[in-house]
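The values are calculated or read from the model by the stated rules, or taken from the named source; none is laboratory data. Computed from a predicted structure; not experimentally measured. Using ideal geometry, Cβ is built from the backbone for each residue, glycine included, and neighbour counts are taken over all protein chains shown.
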Amino acid sequence: MRDLRRYQSELEIQNQALRYSQAVAEGASERFLTLFSNVPLALMVVDEDSLVLESNAMALKRFRPLEHDPPLNFLLPFVSGQHVQRVRIAFDRARSESGVEASEVVFSCGSGGQFTGDLHIARIENRQDELAHFICAIIDQSPLLAERRALRDSAAELQTSNLELQLSKNRLAAVIDSALDAIVCVDADHRITIFNPAAAALFQCPSSQAIGSPLARFIPDAAVGLSYTNLTTHAQLGEITGLTASGGEIAIEVNLSFENSAEGGITTVFVRDLSARKKIEAHRNALESQLRESHKMQAVGTMAGGIAHDFNNIISAILGNAALAQQDVAPGSPAQVSLTEIDKAGRRARDLVRQILAFSRNEAPERVPLDLAEVVQETVRLLRVTLPPLIELTVELQPDTPKVMADATQVEQALLNLCTNAIQAIGPQRGSVRVQLGLHRSVQLAGLQAPASLLEHARLVRLAVSDTGSGMAAETLERVFEPFFTTKPVGQGTGLGLAVVHGVMRTHEGTVQVHSVPGQGSEFSLWFPPCDALGATPPDPWPAGSVAEWPAPSTTGRGERVMYVDDDEALVFLVGRVLKRQGYAVTTCTDPREAAARLRADPMGVDLLVTDYNMPGYSGIDLLREARSIRADLPVALASGYVTQEIEQSALAAGALALIHKPNDVDELCETVHRLLDGADRSR
């Protein structure tokens with residue numbers, strides 16, 4: 001009985017608990033329904049087939065604002081077609097995930113049109129044998145959509161701006177890095193923040209080591225320009241001196257650009273390297289100096305040609321009168337000694353004038369069989385006049401050295417340049433210069449660049465100049481023949497001497513060899529092919545059968561009539577006396593017009609006409625032409641102290657049988673006259 005009452009009591013307790021649980025559940029359900037119905041969101045309970053099981057008032061109001069609008073039975077028909085697939089995927093994900101969101105889904109709402117909302121999906125636990133249920137909340141984003149899109153557009157614009165800014169920075173960096181001029185940026189403390197590759201190359205300092213350094217490390221004078229920061233936006237420092245990382249000085253041009261801001265000032269320094277410009281200016285100045293020197297030499301040549309006429313006449317008068325005086329003075333007379341010395345001095349003056357004129361002429365090279373021993377002797381004679389007292393000049397000439405095809409003037413110039421360089425290499429010290437001439441085996445040219453035609457000969461003529469000077473290093477030897485290259489101080493050399501030597505040997509089908517050791521002197525060897533090896537014959541400007549081919553006759557005249565025309569009265573007086581003593585009938589004129597008039601008056605009264613080339617207002621060539629027009633068979637000759645190739649060609653064209661180079665001595669003049677008259681007799 002007691003157990004029955006206890007059982008009844010426990011059963012009552014369980015019933016009460018059950019009623020309480022039911023009451024609590026009913027209360028929770030009521031609260032959920034109240035919350036579900038009154039929450040200000042569109043809420044729906046949807047199964048996996050999109051069937052709407054429950055929907056709150058907000059959902060009905062949103063999707064079916066009017067009675068005649070379609071009922072809210074299924075959710076997917078209210079989803080815009082372009083978003084249906086995205087919503088299906090969201091429901092599939094919600095099966096396994098705690099919560100899924102499909103943002104900005106476009107929904108249709110009957111007569112209410114469309115609205116955009118975020119769809120939040122969460123699965124509701126239920127029995128396994130039932131369809132999956134989901135609670136869906138739709139948050140209307142239409143009021144916020146414009147703002148959201150505006151924010152999104154702003155974010156996109158900001159991202160685009162940042163991208164453009166980055167691109168601008170990249171482009172600016174590329175421009176700075178590729179600039180040919182050095183660009184350096186400094187902060188308010190004048191410390192380097194940017195150092196482009198051109199600056200690194202100019203100042204010989206890597207950018208990593210330059211960043212953070214004060215600008216004064218490379219541009220000491222920049223402080224003057226940096227003080228203008230608050231006064232202007234640009235400043236020009238012009239040409240100043242910069243310093244490399246190792247302390248070397250460089251010529252630069254500096255411009256400054258200032259940019260002031262709240263964070264502080266930024267200065268951009270543009271630096272241009274003036275080294276190349278300086279080199280160009282120096283080279284230009286050197287070329288201008290050489291051009292002035294060339295003009296000076298040209299003027300000297302013109303002056304030499306201009307004075308040659310008068311000076312040659314004076315020398316001719318001295319030599320001629322000395323020769324006549326020697327004939328008048330008895331042998332053994334004391335006056336003979338003086339007259340002999342006068343004759344020697346006159347001949348030396350004549351040779352000196354010829355040498356000066358040879359160097360002053362600007363003629364194309366005329367290669368003829370040439371005895372280099374004579375060239376050496378003439379050059380040495382000139383050198384000894386100005387040879388320093390501490391320098392000894394020796395000459396070694398091998399006998400029977402073959403002649404070479406060469407232009408005497410050019411070879412003399414090359415030899416003179418080599419000897420002058422040798423003397424300058426010795427300097428003020430005691431030393432010696434040696435000139436050697438001889439025939440040597442061509443194997444000595446092994447390894448040297450030379451014309452193939454030169455190396456074909458077993459033996460070559462070698463003209464060498466050696467000295468005991470300072471010698472040359474290997475790097476100097478490599479450039480020794482470059483035009484304008486010189487190791488001499490400015491103003492003491494043009495750098496053209498050895499270049500001229502090289503050019504002379506090239507035109508002569510030869511080569512030049514150099515051997516030099518620092519401290520042991522230098523040796524320059526000029527190699528020529530022998531004349532007999534070339535099989536050449538001297539060019540003859542005079543026609544075949546001319547007087548140059550005939551043997552010299554007796555120097556005594558037989559009364560032949562000679563007309564001599566020259567504007568120098570002393571020379572005319574001398575020639576008249578000389579030829580009369582030799583047995584000629586002489587007519588002299590100082591006016592070429594008077595000579596032409598005499599020829600017209602008596603064309604057959606003259607057997608030979610000899611005229612000077614350069615006379616005031618009248619050319620000897622003109623007189624030759626006029627004389628030949630008066631009498632075509634009249635032998636004529638031209639005399640001049642300044643003979644160029646053009647003058648020679650003009651004389652030949654005018655019919656001259658000989659070209660007499662002044663000054664000459666009495667024997668030379670008489671022999672030429674005899675040859676011309678004898679040739680005229682032979683041609684008749």
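Some values worked out for this structure:
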{"item": "Failed criterion for ASN126 (all others in (1) surrounded by 11 or more Cβ atoms within 10 Å (Cβ to Cβ); (2) without any contact (Cβ under 8 Å) to a residue 40 or more places away in the chain; (3) more than 30 Å from PHE36 (Cα to Cα) hold)", "result": "(3)"}
{"item": "Any chance PHE107 is outside any helix (DSSP H, G or I) and assigned by TED's automatic domain parsing to the domain that holds ARG123", "result": "yes"}
{"item": "Filter result for GLU378 (touching a helix residue (DSSP H, G or I) at 6+ places or on another chain (Cβ under 8 Å), in the same structural domain as LEU526 (by TED's automatic domain parsing) and more than 21 Å from LEU454 (Cβ to Cβ))", "result": "yes"}
{"item": "The range 157-174 residues that are closer than 21 Å to PRO197 by Cα and part of a helix (DSSP H, G or I), paired with ones that are of a type in the set (Phe, Trp, Tyr) and at pLDDT below 75 (beta carbon under 7 Å, 6 or more apart)", "result": "none"}
{"item": "Selection within the range 618-656 - within 26 Å of ARG350 (Cα to Cα), modelled with pLDDT of 85 or more and assigned to a loop (DSSP other than H, G, I, E, B)", "result": "ALA656"}
{"item": "In the range 399-446, the residues that are part of a strand (DSSP E or B) and within 17 Å of CYS531 (Cα to Cα)", "result": "VAL404, MET405, ALA406, LEU437, GLY438, LEU439, HIS440, ARG441"}
{"item": "Single unsatisfied condition, LEU145 versus (1) in a loop (DSSP other than H, G, I, E, B); (2) at pLDDT below 80; (3) surrounded by 14 or more Cβ atoms within 10 Å (Cβ to Cβ)", "result": "(1)"}
{"item": "Cβ pairs under 9 Å, 6+ apart, first in the range 621-633 and within 13 Å of MET604 (Cβ to Cβ), second among the hydroxyl-bearing types (Ser, Thr, Tyr)", "result": "ALA627/THR611; ASP633/SER683"}
{"item": "Close pairs from the range 313-336: first closer than 20 Å to VAL572 by Cα, partner of a type in the set (Lys, Arg) and at pLDDT 80 or above, Cβ under 7 Å, at least 6 apart", "result": "LEU324/ARG577"}
{"item": "Residue that is crowded, with 16+ Cβ neighbours inside 10 Å, touching a helix residue (DSSP H, G or I) at 6+ places or on another chain (Cβ under 8 Å) and either in contact (Cβ under 8 Å) with a residue 12 or more places away in the chain or not aromatic (Phe, Trp, Tyr) (or both), where the choices are PHE115, PHE91", "result": "PHE115"}
{"item": "Residue list for the range 583-617, filter: within 16 Å of ARG628 (Cβ to Cβ) and assigned to a strand (DSSP E or B)", "result": "LEU608, LEU609, VAL610, THR611"}
{"item": "Some residue of the range 501-509 being under 23 Å from the mean Cα position of the chain (by Cα), modelled with pLDDT of 60 or more and acidic (Asp, Glu)", "result": "no"}
{"item": "Pairs with Cβ under 7 Å, 6+ apart, first in the range 389-408 and in the same structural domain as GLY510 (by TED's automatic domain parsing), second surrounded by 14 or more Cβ atoms within 10 Å (Cβ to Cβ) and basic (Lys, Arg)", "result": "THR394/ARG434; GLU396/ARG434; MET405/ARG367; ALA406/ARG367; ASP407/ARG367"}
{"item": "Scope the range 188-205; condition over 17 Å from ALA173 (Cα atoms) and assigned to a loop (DSSP other than H, G, I, E, B); matching residues", "result": "ALA188, ASP189, HIS190, GLN204, CYS205"}
{"item": "Residue in the range 460-476 that is part of a helix (DSSP H, G or I), hydrophobic (A, V, I, L, M, F, W, C) and either crowded, with 16+ Cβ neighbours inside 10 Å or modelled with pLDDT of 80 or more (or both) present", "result": "no"}
